[in-house]
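Everything on this sheet refers to the single structure shown next.
The values are calculated or read from the model by the stated rules, or taken from the named source; none is laboratory data. Since the model is a prediction, treat every value here as computed from it, not as a measurement. Note: ideal-geometry Cβ built from the backbone for every residue, glycine included; neighbour counts use all protein chains shown. Just the protein is used for accessible areas: all its heavy atoms, side chains included, with ligands, DNA and RNA removed. Shrake-Rupley method; radii C 1.70, N 1.55, O 1.52, S 1.80 Å.
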Amino acid sequence: MAYSLVRTLARRIAPLAIGATTIGAAALSSPAATAAVTFHPNITDVQFISASETPPTEAQCNSVSRRCFNPTAEEVSYNLPPLYAKGLMGQGQTIVIVDAFGSQTIQNDLHVFNNAFGLPHLCGEANYTCLPGDPTFSELQQGSTSTDPNPGMNSTGQENRAAWALEVALDVEWSHSMAPKANILLVTTPTAETLGVQGFPDFFKAEDFVITHHLGSVISQSFASAEEAFASSQSLLNLRFAFKDAVANHVTVFGSSGDGGTSNIIKTPVKTPTTLPNPTVEWPASDPLVTGVGGTYECTNPTVGSQTADQTQSPGRCRVGLNPTGDRELGWIASGGGYSHVFSRPDFQSTLPTGSTAIPSGQRGVPDIALQASATTGMLVYITNPGYTGIACPGKTLCSSGWYVVGGTSSSSPQWAGLIAIANQLNQRLHPGAANLGYINPALYTMASNPAMYAADFYDVTHGPMNNPAPTAQNPGYPDSTGWDPVTGLGTPNAANLIPDLVATVSGP
């Protein structure tokens, strides 16, 4: 592995310049992991829709049994416009996206995405002249990162750079769509997700650098690994240093809960990994210091948005036959969730909304919250040159640049990060000079334990299939329920209500 040992640059990195900056391993020293495990991006399904720079129509999406959400529809469905109308779009905040390898085309992809949907441009996009006061897009590289070239079919399968390039596009475009005037810092690492000894510490050394140098106020992690994939619980616990520093420095950390439901894998063999026989959860979402984000089918209107279900369009899961109660969201069949085998139940989960699924005292319940994640009700993502990223289209052929509808709890975590950027902006407006919200888990459960606040702030997701796409007698998955459940946690956000209440709960009125 080659690192750029640029210690002096690492010490000077705040404030971060626009563009790509490289930091060295020496500047990111920390405890090392002792196990090689599978660390993967939480993208579960990808469907090519259109090669044009113009976004596809909903009819094009319906033709392949999908509904495709654009930013406006997503903003309306989660009730963000009242916040935007008050000038709350994340100004002055920096969202940190952490991914392996990065993407050589993200500056261009972001520019096309913003043009397509009329979103504010960021200084740092391709083909854009910065204006005073523009939010920024910048990249912090740990060593030499690249998604080109992608390993061939005869490789070990350890470096799936194709998935990470798409992950970058999803994370950056959709965190920006939720908080259109927040800065975005993309943090990239040079190691494969399956090389646990190197890959895991690279992520968390980079995060710890960002946290201790105060480069962002909220971090999104769209990656995970089964707790049981580690050689021991201690080897997992050795990696928590960044999360402890996040709490101390008032940085909020989100983690996608996974895309296999209660079924997870261990590394060996790499190309055909072993599925664990019993229900498991994925870390870091299972960590009590992280806010775990599960997934839903979003059945609202994908073109203009809605607060209630649109049962006229694909997929079948949202129509009357599979959604007889007309729910605006259903628990996603692949939403990672369940009960930790490493962490006991934290104090903040001791009191739950009425009707909740019980959490055993000896186990942490996962996830805490949720947001749209199914690719059948997915997000439109633009990415260029899939020929080198290796994204396969129908028939296993490689497609040209274009639009894909993407699913996975990878879409849930960065969107929640955008919401917290807005919450931090509101907090600064109401409490000038105050610290950022930081560790929000206790506040979320305090809010949910108040029946009136819970009803106003969350969309409670109460129906859906068991969260295991490949159920067995030993591992059937878990059901949704009223209140907290091990599929969607407390539910999804009614942002116009939740964000002010979260600020008040953490910082006071």
Identity of the residue in region 306-339, among the aliphatic types (A, V, I, L, M) and in contact (Cβ under 8 Å) with a residue 24 or more places away in the chain, that ends up surrounded by the most Cβ atoms within 10 Å (Cβ to Cβ): Ala334
Residue that is nearest to Ala182 (Cα to Cα), among those in region 204-220 that are surrounded by fewer than 24 Cβ atoms within 10 Å (Cβ to Cβ) and at pLDDT 95 or above: Leu215
Phe254 being part of a strand (DSSP E or B), over 30 Å from Thr57 (Cβ atoms) and among the hydrophobic types (A, V, I, L, M, F, W, C): yes
Within region 447-456, is there a residue that is surrounded by 22 or more Cβ atoms within 10 Å (Cβ to Cβ) and under 22 Å from Val251 (Cα atoms)? yes
Using the structure shown, decide if Asp171 is open to solvent by 10 Å² or more (accessible area, probe 1.4 Å), at pLDDT 95 or above and not aromatic (Phe, Trp, Tyr). no
Is it the case that some residue within region 406-428 is open to solvent by 40 Å² or more (accessible area, probe 1.4 Å) and modelled with pLDDT of 95 or more? yes
Quick test for you: out of Ala14, Ala33, Ala10, pick the one residue that is at pLDDT below 95, open to solvent by 30 Å² or more (accessible area, probe 1.4 Å) and either aliphatic (A, V, I, L, M) or in a loop (DSSP other than H, G, I, E, B) (or both). Ala14
Is it the case that Thr280 is among the hydroxyl-bearing types (Ser, Thr, Tyr), outside any loop (DSSP other than H, G, I, E, B) and under 28 Å from Ala246 (Cα atoms)? no
Quick one: how many residues across region 226-251 are part of a loop (DSSP other than H, G, I, E, B) and either modelled with pLDDT of 90 or more or among the aliphatic types (A, V, I, L, M) (or both)? 7
Does region 463-479 include one or more residues that are within 22 Å of Gly294 (Cβ to Cβ), touching an Asp or Glu at 6+ places or on another chain (Cβ under 8 Å) and small (Gly, Ala, Ser)? yes
Quick check on my filter: what residues within region 287-304 are open to solvent by less than 10 Å² (accessible area, probe 1.4 Å), assigned to a loop (DSSP other than H, G, I, E, B) and over 30 Å from Ala246 (Cα atoms)? Cys299, Thr300, Pro302
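This table checks each residue for (1) at pLDDT below 95; (2) not β-branched (Val, Ile, Thr).
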{"site": "Gly338", "(1), (2)": "no, yes"}
{"site": "Ser344", "(1), (2)": "no, yes"}
{"site": "Leu352", "(1), (2)": "no, yes"}
{"site": "Val366", "(1), (2)": "no, no"}
{"site": "Ala373", "(1), (2)": "no, yes"}
{"site": "Asn385", "(1), (2)": "yes, yes"}
{"site": "Thr397", "(1), (2)": "yes, no"}
{"site": "Gly402", "(1), (2)": "yes, yes"}
